């Protein structure tokens with residue numbers, strides 16, 4: 001199953017966001033894979049700073065459901081200065097409903 005969601009990047013941090021994701025932590029990548037997340041992409045709409053994420057998941061939970069994991073909590077803290085977040089530093093993330101798909 002595919003899951004998609006949007007997040008908000010703070011203005012002026014586009015390059016920093018890309019830099020941090022280009023060096024994603026190996027332990028975070030392994031956790032995602034072990035949790036059934038694959039084919040994970042994030043797209044940036046530069047004018048508004050909207051981040052559109054889509055991922056393939058095995059089962060019903062994806063990356064946004066791993067908030068209890070210490071690795072994920074460290075990643076949230078690492079990214080909190082450049083993204084819109086909740087009080088617990090989790091990114092404000094809105095799930096998207098799939099309304100069309102073409103194979």
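If a residue has to be in a loop (DSSP other than H, G, I, E, B) and out of contact with any strand residue (DSSP E or B) (no Cβ under 9 Å at 6 or more places or on another chain) to count, how many in the stretch 1-45 make the cut? Break it down into steps so the answer makes sense when it comes.
We begin by selecting, within the stretch 1-45, every residue in a loop (DSSP other than H, G, I, E, B); these are 1, 10-13, 23-25, 35-36.
Still in the running and out of contact with any strand residue (DSSP E or B) (no Cβ under 9 Å at 6 or more places or on another chain): 11-12, 23-25.
Count: 5.
Within the stretch 62-88, can you find the residues that are part of a loop (DSSP other than H, G, I, E, B), modelled with pLDDT under 95 and within 13 Å of the chain's Cα centre (by Cα)?
62, 66, 67
Looking at the stretch 7-43, which of its residues are surrounded by 10 or more Cβ atoms within 10 Å (Cβ to Cβ) and under 12 Å from residue 83 (Cβ atoms)? Break it down into steps so the answer makes sense when it comes.
Going residue by residue through the stretch 7-43, those that are surrounded by 10 or more Cβ atoms within 10 Å (Cβ to Cβ) are 7-10, 13-14, 16-21, 24-25, 27-33, 35-38, 40-43.
Matches in the stretch 7-43: 7, 8, 9, 10, 13, 14, 16, 17, 20, 21, 42.
Can you pull out every residue in the stretch 1-30 that is modelled with pLDDT under 95 and touching a helix residue (DSSP H, G or I) at 6+ places or on another chain (Cβ under 9 Å)?
3
I'd like to verify a number: residues in the stretch 45-73 that are surrounded by fewer than 15 Cβ atoms within 10 Å (Cβ to Cβ), in contact with a helix residue (DSSP H, G or I) (Cβ under 8 Å, 6 or more places away or on another chain) and either farther than 19 Å from residue 25 by Cα or in contact (Cβ under 8 Å) with a residue 60 or more places away in the chain (or both), how many?
The total comes to 1.
The values are calculated or read from the model by the stated rules, or taken from the named source; none is laboratory data. The structure presented is a predicted model; accordingly, all values stated were derived computationally and were not measured. FYI the Cβ positions are ideal-geometry reconstructions off the backbone, even for glycines, and counts take in every protein chain you see.
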